[in-house]
Amino acid sequence: MNRLTFDSFALRPELRQGIQDLYYKRPTPIQAEAIPVILAGKDVVAQAPTGTGKTAAFVLPILERLQPHKRDIQALILTPTRELSIQIAAEIAKLGKHLDVQVLSLHGGTDIERQISKLERTVQIVVGTPGRVLDHLQRGTLHFGRISWLVLDEADKMLEMGFLDDVAQIIVSTPQDRQVLLFSATMPDPVKQLAARFMKQPQHIRIEHGQKTVEHIRQVYYVVNQSDKLDALLDLIDSTRPYLAIIFANTQQRVQTLAARLQQLGYDAEALYGDLSQKKREKLMRDFRSVKFQFLVATDIAGRGLDVEGVTHVFNYDLPTDVESYIHRVGRTGRAGQAGTAISLVSPRQKSLIQRFAKATRAEIEENVLTAGHHLAAGRRKRAAEREANIAAQKAEQQRQQAEQRKKQETPLVSALKKNQKVKPGYKKKLTKEVQEWKQRYEQKKKREAAKAERKAGKKKTSGAKRG
């Protein structure tokens, strides 16, 4: 068992504080092997599956050796997708929070002029997709003449997506003495050739594919409409009866709203999110470990290295979009060899995500049919009544607007007749005629309705006589 801690790397205090803020406890195998080698200044080729903590494996040593007082771009991290670029940039910002590190994600789908404006200011680490990074290079808005680290993350996927020429062109624009770090889940020939072409006697690290989620964890999902989510969660809490549970939501606002709602309903719940002060977070975690409250509602900050024995259930109130976050969340239960259950609430469109997570974790994620309990049944009745009331209100409003429109159309005619004001020759006669026509139509309509009612009454009388 790995007994190594992050203190073993003798990192600068500001970086250790960033690690502590994210509740990282012990380095993962890829971090334990890669960090010392990268700190030693050697090129690295690392083969590691998704969800093993590879981002921190290259980010931590870069931040350790970074020179925050310099304005130059010191590190370039290439990724295959914009989502990964944004995710890595966010991770760097969190870990380097106390170092005042300036990081920028360069990817498509964002205004390039805004990116150029940011590049004119201090940027020390650039994370980006090959296409957008190359675009900036060709425009002359980006220069890598003084970078110390070049990272190729998910190199196999990058080459698979056809970025080989772009990547090669970018690498050529970097200095010869930079340190190259290549991370890849697989090692196909093009990746090996890229390493041989641009790296200097790299040290190879390989983390074997294995079960990335604890075998004791039962993974379940329920297909739930967004409007039913809260009531479904309450029914599942009541039926599963957790000892301690972590409930994950994707945003700070969702976490705060959900925790407040649970508290209103009488559940012992507290919210954990990034904007809480370190002192409040530490107190919150002490109270949770001491079972002073039962439900911790959290963003992904709690999914990273949070180790609390006794967590019997993890609920994904919102499903994460990436495999790594799912694995970290699920791993918060089933600690110390104990059994645990991970339950996800999934919209119909998210079933493909669940299939991807199951493949990545090499474990079954079973679909269960949600049985409506007290909360869900009552909630659905309430929402149905609200929908009916809303439809009735809309209909009444529509009728009011139609009546207003008719009144608005009639007002000039009525006003002209009442005031007997001077009008063009023949106009008053025309208005009088129109009013008479309206009255005539109204009288005819009343007669038709009266005749119809009389016929209807006659039919009922005849029918009654036959039965008698």
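The values are calculated or read from the model by the stated rules, or taken from the named source; none is laboratory data. These numbers come from a predicted model, not from an experiment. Cβ atoms come from the backbone with ideal geometry, glycine included; neighbour counts cover every protein chain shown.
Assessment of the stretch 277-298 against the conditions (closer than 24 Å to PRO49 by Cα, of a type outside the set (Gly, Ala, Ser) and exposed (fewer than 15 other Cβ atoms within 10 Å of the Cβ)) yields no matching residue.
The residues in the stretch 77-103 that are in a helix (DSSP H, G or I), in contact (Cβ under 8 Å) with a residue 60 or more places away in the chain and either closer than 19 Å to TYR24 by Cβ or touching a Pro at 6+ places or on another chain (Cβ under 8 Å) (or both) can be counted, and the count is 7. With the condition kept exactly as written, say whether any residue in the stretch 214-230 is at negative phi, in contact with a His (Cβ under 9 Å, 6 or more places away or on another chain) and either among the hydroxyl-bearing types (Ser, Thr, Tyr) or at pLDDT below 95 (or both). Yes: one or more hits. Consider the stretch 173-209 and keep the residues that are among the charged types (D, E, K, R) and not in a loop (DSSP other than H, G, I, E, B). The one that is farthest from GLU154 (Cα to Cα) is ARG197. Filtering the stretch 317-343 to residues that are aliphatic (A, V, I, L, M), touching a Phe, Trp or Tyr at 6+ places or on another chain (Cβ under 9 Å) and either modelled with pLDDT under 85 or crowded, with 21+ Cβ neighbours inside 10 Å (or both) leaves VAL323, ILE327, VAL330, ALA342, ILE343.
In the stretch 308-364, the qualifying residues are those that are assigned to a helix (DSSP H, G or I) and of a type in the set (Gly, Ala, Ser), and the one that is farthest from ALA245 (Cα to Cα) is SER352. Just one residue in the set ALA389, ALA393 is surrounded by 10 or more Cβ atoms within 10 Å (Cβ to Cβ), under 60 Å from the mean Cα position of the chain (by Cα) and modelled with pLDDT of 80 or more; that residue is ALA393. All of PRO68, PRO80 fail the test of being surrounded by fewer than 17 Cβ atoms within 10 Å (Cβ to Cβ) and closer than 28 Å to ARG132 by Cβ, apart from PRO68. Filtered by the rule that a residue be assigned to a helix (DSSP H, G or I) and either free of Cβ contacts under 8 Å to residues at least 12 places away in the same chain or buried (at least 18 other Cβ atoms within 10 Å of the Cβ) (or both), the stretch 33-59 gives GLU33, ALA34, ILE35, VAL37, ILE38, LYS54, THR55, ALA56, ALA57, PHE58, VAL59.
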